[in-house]
1. Using amide H atoms built 1.01 Å from N in the peptide plane, name the residues 5+ places from Ile172, or on other chains, whose amide H lies under 5 Å from its own.
2. Given the protein chains as shown and a 1.4 Å probe, how many square angstrom of Arg252 are accessible, to the nearest 10?
3. For the stretch 99-231, give the percent of accessible area contributed by carbon and sulfur heavy atoms, probe 1.4 Å, rounded to a whole number.
4. With 27 Å as the limit, write out which pairs from Lys152/Lys209; Lys165/Lys316; Lys165/Lys188; Lys148/Lys191 have Cα-Cα distances beyond it, or answer none.
5. How big is the accessible area of Glu114 in square angstrom, nearest 10, if you roll a 1.4 angstrom probe over the protein chains?
6. Keeping every protein chain present and rolling a 1.4 Å probe, give me the accessible area per residue for the stretch 99-231 in Å².
7. Under the classification rounded if a/c is under 1.5, otherwise prolate if a/b is larger than b/c and oblate if not, where does the stretch 99-231 fall, given a ≥ b ≥ c as square roots of the Cα gyration tensor eigenvalues?
8. Using alpha-carbon positions, what is the distance between the centroids of the stretch 296-345 and the stretch 255-290, in Å?
Amino acid sequence: MLSGGSRALQHLSDYHHHHHTSIGLGLGFCGAKIVQLSSHFLRPSRGQLSNKLRHRMISSSGFHYRTSGETPILHNCFSQRKDDPELPADESTPVSGGIVALGKFDALHVGHRELAIQASRIGTPYLLSFVGMAEVFGWEPRAPIVAKCDRKRVLTSWDSYCGNKAPVEYEIEFASVRHLTPRQFVEKLSKELRVCGVVAGENYRFGYKASGDASELVRLCEEYGIGAYIITSVMDKKQDSEQRNSGDSKDRGQVSSTRVRQALAAGDMSYVSELLGRAHRLILQVNNTGDMQSERRISLPRSSVLNLPPGNGVYKACLVLADDEPSVPCSVVVDSSYIHVETEELLLCNSDLAQEFLSVEFG
């Protein structure tokens, strides 16, 4: 049995900035329950199948699955584990029996949402991500695209996409997993975390020094009795040569957190909204230190931002949200030192200054 945490890839971040996926088709079962994922499932003929489990792809979706007989299946991971001496029957983890989407979910963009959608079609969806990579590699700290305190709201907004099963995040410290081989990582998923299946993008890399790819993930998951679903990348619809030729060898035109950061830096908020599938929301911490200049204007230092603001400029058609108050139309000015929020109607009264956060959405 492996030690606590979980172990992943050394260069996971580089990949996951470009790890984005689109929904596939499939049919599977877990716990002996068959779940139809699409009415357009393509059933292979007997002549196409061998007696042993093997990989196939539904060409219309790029969805890989393992199949035996005529029905692609997720192995009954629960029945297999009843006799596993390493797994006491009364032990469980927060993701036990669930379907985990694998990725670095900084932006929670449309590609990440598609991973969650696929996971929800198979079972209970989770986002399994790795934290603390910057500390391990000595990278300069940088603001996240989504504020930590805002992530639950974003995931809840995916509820309707995921069959009313909004995904839940499960984080693992990267330092505790970075040296695991691909096999050890999958063994961790199966024997320690007890997941029933995984969903990943076609370009997914994992294991020490990113030595494992999606095909190895499928092979190892098959060996350990858990389902592996590999999804084709969600491509960026914006035909922007500058974005496509970003100098990143892993950028093949897919939606990525890197593209979101580039679009934010350029101040192209409509493009940002396309990549995220929602308006970008900036969370500002209010310190009640006299930042407010009037009832219709508040200026907060850049140090108050909890996630990444857009590049310097003037942004119209925004909304400011203060706690449970109704949203107020506003304009936002971003400069090198401050974030200025201006409205044509009453923004805040003095009693509101005790609030902790302000949220600004960029239309």
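The values are calculated or read from the model by the stated rules, or taken from the named source; none is laboratory data. Quantities reported herein were computed from a predicted structural model and do not represent experimental measurements. Virtual Cβ from ideal backbone geometry, glycine too; neighbours counted across all protein chains shown. Just so you know, the surface numbers come from the protein's heavy atoms only, side chains and all, with ligands and any DNA or RNA stripped out. Shrake-Rupley method; radii C 1.70, N 1.55, O 1.52, S 1.80 Å.
1. Under 5 Å from the amide H of Ile172: Ser129, Phe130, Val131.
2. About 150 Å², rounded to the nearest 10.
3. Working: 2270 of 4720 Å².
The computed percentage sits at 48.
4. Values: Lys152/Lys209 31 Å; Lys165/Lys316 35 Å; Lys165/Lys188 25 Å; Lys148/Lys191 29 Å.
Over 27 Å Cα-Cα: Lys152/Lys209; Lys165/Lys316; Lys148/Lys191.
5. The accessible area comes out at roughly 40 Å².
6. Details: 4720 Å² over 133 residues.
With all protein chains present, the stretch 99-231 gives 35 Å² per residue.
7. Details: a/c = 1.88, a/b = 1.08, b/c = 1.75.
Taking the square roots of the gyration eigenvalues as a ≥ b ≥ c, the stretch 99-231 is oblate.
8. Rounded to whole Å, the Cα centres lie 12 Å apart.
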